[in-house]
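J.: Got a structure for you, written out below as structure tokens; questions coming shortly.
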Amino acid sequence: MRNANPWKAAVAAGALLLAAACGSGGGGADGGGAAEQKSVGKGEGRVDIIAWAGYAEDGSNDPEADWVHPFEKRTGCKVNTKTAGTSDEMVSLMKTGQYDTVSASGDATLRLIAAGDVAPVNTRLVPNYRDIFSGLKMRPFNSKDGKMYGVPHGRGANLLMYRTDKVSPAPDSWKAVFDDAAKYAGKVTAYDSPIYIADAALYLMKARPALGIKDPYALDHKQLDAAVALLKKQRQQIGEYWSDYQKEVTAFKGGDSVLGTTWQVIANTAAAEKAPVKAVLPKEGATGWSDTWMVSAEAAHPNCAYKWLNWIVSPKVNAQVAEYFGEAPANAKACRETADPHHCAVYHADDEAYYRRVHFWTTPVPQCLDGRKNVTCTDYAEWTRAWTEIKG
């Protein structure tokens, strides 16, 4: 990351809940009946957007960060943005039918599809879709029945960060924050969200193979119980849970935290502020996030919505957003447009082997995502109740 400037807006807004996967509610994956759009005509004059902080910048937070006004000038579609802080808020807002498009995270996408709140996206009407990295297309968190329900925006992994002067030997496994967490009692940190249960499940996939976990988001009741038990054990060693990136930076700088889950942008920021930290992708792999621009099934301005989808993932704009926000862009050509020539390397943007080791956030639903038919899996509502129990 070039400097901390890209995060000014998010910090000022108290945002940076990024994908704030703290949604409650479950739901199946039955999907709605909305049809995909057949053509894109003249814009309706406006588009109503729900977005994470930093995704639809108009220059008001940083004069150098403005991809909204150029879009308005080019298309005639005035952008009205509602900045959301959590996935729950996004889901609730989309249910009102007052918004055309949303930058949904993986813990919200299947809920929106199941409720029929979003329509499948006709990717033929989004020319820049062809340049989206193949690893982001037709994934369980953004598609159903062979149809894309949005256009990928960007992605990132949930990494293991540690203070190099306090943690030895250098960890290469999530065992450090689970079974070995007592070594750093009171100095361990973890992401504050029910979706963090998937991190424990991912570790158990390798640590306790007899549990039969194949997908960290597809847990039957026995498997969920095992993940919850592990997290309750970890809870005794946790100094604090985090959801605000700046608080985690401060904790690692001051030594209140020495080991825990993080994002690449947080590791970059902490290192830039002279904290002796390093972040690694552990040998078990990691969970991660990828946001998807989805279109409302009741969009009042569908043409402008499609124009926005194509604009926000165009190479130059996708590069701007990725650098401002701190993530890997979704458009392969964006890597040629970043101001920092090393940005895509730092965020592993074009490293599909790297991202094959990342299990992107996906909404847990009763229909097991790992393909099992003879068992009912736990849904996000159950995960939310379990998380409350874990934190006590």
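The values are calculated or read from the model by the stated rules, or taken from the named source; none is laboratory data. Every value quoted in this text rests on a predicted model; they were computed, and no experiment measured them. Note: ideal-geometry Cβ built from the backbone for every residue, glycine included; neighbour counts use all protein chains shown. Only protein heavy atoms, including side chains, enter the accessible area calculation; ligands, DNA and RNA are left aside. Shrake-Rupley method; radii C 1.70, N 1.55, O 1.52, S 1.80 Å.
J.: Can you tell me which residue in the range 330-350 is surrounded by the fewest Cβ atoms within 10 Å (Cβ to Cβ), limited to those that are assigned to a loop (DSSP other than H, G, I, E, B) and in contact (Cβ under 8 Å) with a residue 24 or more places away in the chain? I'd like the intermediate steps shown before the answer.
T.: The first filter runs over the range 330-350 and keeps only residues assigned to a loop (DSSP other than H, G, I, E, B), leaving 330, 337-342, 347-350.
Subset that is in contact (Cβ under 8 Å) with a residue 24 or more places away in the chain: 330, 339-340, 347-350.
Working: Ala330: 29, Ala339: 10, Asp340: 13, Tyr347: 27, His348: 18, Ala349: 26, Asp350: 16.
Within the range 330-350, the match that is surrounded by the fewest Cβ atoms within 10 Å (Cβ to Cβ) is Ala339.
J.: Across the range 351-369, which residue is surrounded by the most Cβ atoms within 10 Å (Cβ to Cβ) among those that are within 16 Å of the chain's Cα centre (by Cα) and of a type in the set (Ser, Thr, Tyr)? I'd like the intermediate steps shown before the answer.
T.: As a first pass, look at the range 351-369 and keep what is within 16 Å of the chain's Cα centre (by Cα): 355-364.
Those still in the list that are of a type in the set (Ser, Thr, Tyr) too: 355, 362-363.
Working: Tyr355: 24, Thr362: 24, Thr363: 31.
The selected residue is Thr363.
J.: Also, I was wondering about something else. Quick one: which helices (runs of 4 or more DSSP H) lie wholly within the range 41-121 and hold at least 1 residues that are farther than 26 Å from Pro364 by Cα and touching a Phe, Trp or Tyr at 6+ places or on another chain (Cβ under 7 Å)? Even if it seems obvious, please write down each step before you answer.
T.: Numbers: elements: 68-75, 87-95, 106-114.
Hits in the range 41-121: 68-75.
J.: Then there's this: Limited to the range 308-327, what total is found for residues that are more than 12 Å from Ile132 (Cβ to Cβ) and open to solvent by less than 10 Å² (accessible area, probe 1.4 Å)?
T.: So in the range 308-327, the residues more than 12 Å from Ile132 (Cβ to Cβ) come out as 308, 311, 316-317, 319-327.
Then drop every residue that is not open to solvent by less than 10 Å² (accessible area, probe 1.4 Å), which leaves 308, 317, 319, 321-322, 325-327.
Result for the range 308-327: 8.
J.: Something else now. Is there a residue being of a type in the set (Gly, Ala, Ser) and either touching a Gly at 6+ places or on another chain (Cβ under 7 Å) or outside any loop (DSSP other than H, G, I, E, B) (or both) anywhere in the range 320-327? Please lay out each step first, then the result.
T.: Let us first name the residues in the range 320-327 that are of a type in the set (Gly, Ala, Ser), namely 322, 326.
Pick out the ones that are also either touching a Gly at 6+ places or on another chain (Cβ under 7 Å) or outside any loop (DSSP other than H, G, I, E, B) (or both) and you get 322.
Yes, there is a match, as at least one residue in the range 320-327 is of a type in the set (Gly, Ala, Ser) and either touching a Gly at 6+ places or on another chain (Cβ under 7 Å) or outside any loop (DSSP other than H, G, I, E, B) (or both).
Condition check ((1) part of a helix (DSSP H, G or I); (2) within 25 Å of Ala51 (Cα to Cα); (3) more than 25 Å from the chain's Cα centre (by Cα)) across all residues:
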| site | (1), (2), (3) |
| --- | --- |
| Gly154 | no, yes, no |
| Leu160 | no, no, no |
| Lys166 | no, no, yes |
| Asp172 | no, no, no |
| Asp179 | no, no, yes |
| Ala182 | yes, no, yes |
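J.: Ok, one more. So, in the range 227-244, of the ones that are within 27 Å of Arg139 (Cα to Cα) and touching a helix residue (DSSP H, G or I) at 6+ places or on another chain (Cβ under 9 Å), which residue ends up least open to solvent (accessible area, probe 1.4 Å)?
T.: Here is the first cut: in the range 227-244, the residues within 27 Å of Arg139 (Cα to Cα) are 227-228, 243.
Then drop every residue that is not touching a helix residue (DSSP H, G or I) at 6+ places or on another chain (Cβ under 9 Å), which leaves 227-228.
Working: Ala227: 0, Val228: 15 Å².
Across the range 227-244, the extreme among qualifying residues is Ala227.
J.: Could you list, in sequence order, the residues of the range 286-307 that are surrounded by 20 or more Cβ atoms within 10 Å (Cβ to Cβ) and not hydrophobic (A, V, I, L, M, F, W, C)?
T.: Thr287, Gly288, Ser290, Asp291, Thr292, Ser296, His301, Pro302, Asn303, Tyr306, Lys307
Every residue, every condition in (1) under 20 Å from Thr388 (Cβ atoms); (2) touching a Gly at 6+ places or on another chain (Cβ under 9 Å); (3) touching a residue at least 40 places away in the same chain (Cβ under 8 Å), yes or no:
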{"site": "Ala181", "(1), (2), (3)": "no, no, yes"}
{"site": "Thr189", "(1), (2), (3)": "yes, yes, yes"}
{"site": "Ser193", "(1), (2), (3)": "yes, yes, yes"}
{"site": "Ala218", "(1), (2), (3)": "no, yes, yes"}
{"site": "Ala229", "(1), (2), (3)": "yes, no, no"}
{"site": "Gly239", "(1), (2), (3)": "yes, yes, yes"}
{"site": "Tyr245", "(1), (2), (3)": "no, yes, yes"}
{"site": "Lys253", "(1), (2), (3)": "no, no, no"}
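J.: Continuing with this model, one more query. Which ones in the range 44-71 are open to solvent by 60 Å² or more (accessible area, probe 1.4 Å), of a type outside the set (D, E, K, R) and in contact with a helix residue (DSSP H, G or I) (Cβ under 7 Å, 6 or more places away or on another chain)?
T.: Asn61
J.: Within the range 156-174, does at least one residue satisfy the condition of being farther than 21 Å from Val249 by Cβ, in contact (Cβ under 8 Å) with a residue 60 or more places away in the chain, open to solvent by less than 20 Å² (accessible area, probe 1.4 Å) and out of contact with any Ser or Thr (no Cβ under 6 Å at 6 or more places or on another chain)?
T.: Taking the range 156-174 as the starting set, the residues that turn out to be farther than 21 Å from Val249 by Cβ are 168-169, 172-174.
Checking which are in contact (Cβ under 8 Å) with a residue 60 or more places away in the chain leaves us with 172-174.
With open to solvent by less than 20 Å² (accessible area, probe 1.4 Å) added as a condition, the list becomes 173-174.
Narrowing further to those that are out of contact with any Ser or Thr (no Cβ under 6 Å at 6 or more places or on another chain): 173-174.
Checked the range 156-174: at least one residue is farther than 21 Å from Val249 by Cβ, in contact (Cβ under 8 Å) with a residue 60 or more places away in the chain, open to solvent by less than 20 Å² (accessible area, probe 1.4 Å) and out of contact with any Ser or Thr (no Cβ under 6 Å at 6 or more places or on another chain).
J.: Do we have Leu202 as open to solvent by less than 10 Å² (accessible area, probe 1.4 Å) and either more than 30 Å from Glu273 (Cα to Cα) or over 22 Å from the mean Cα position of the chain (by Cα) (or both) here?
T.: Details: open to solvent by less than 10 Å² (accessible area, probe 1.4 Å): yes; either more than 30 Å from Glu273 (Cα to Cα) or over 22 Å from the mean Cα position of the chain (by Cα) (or both): yes.
The answer is yes for Leu202.
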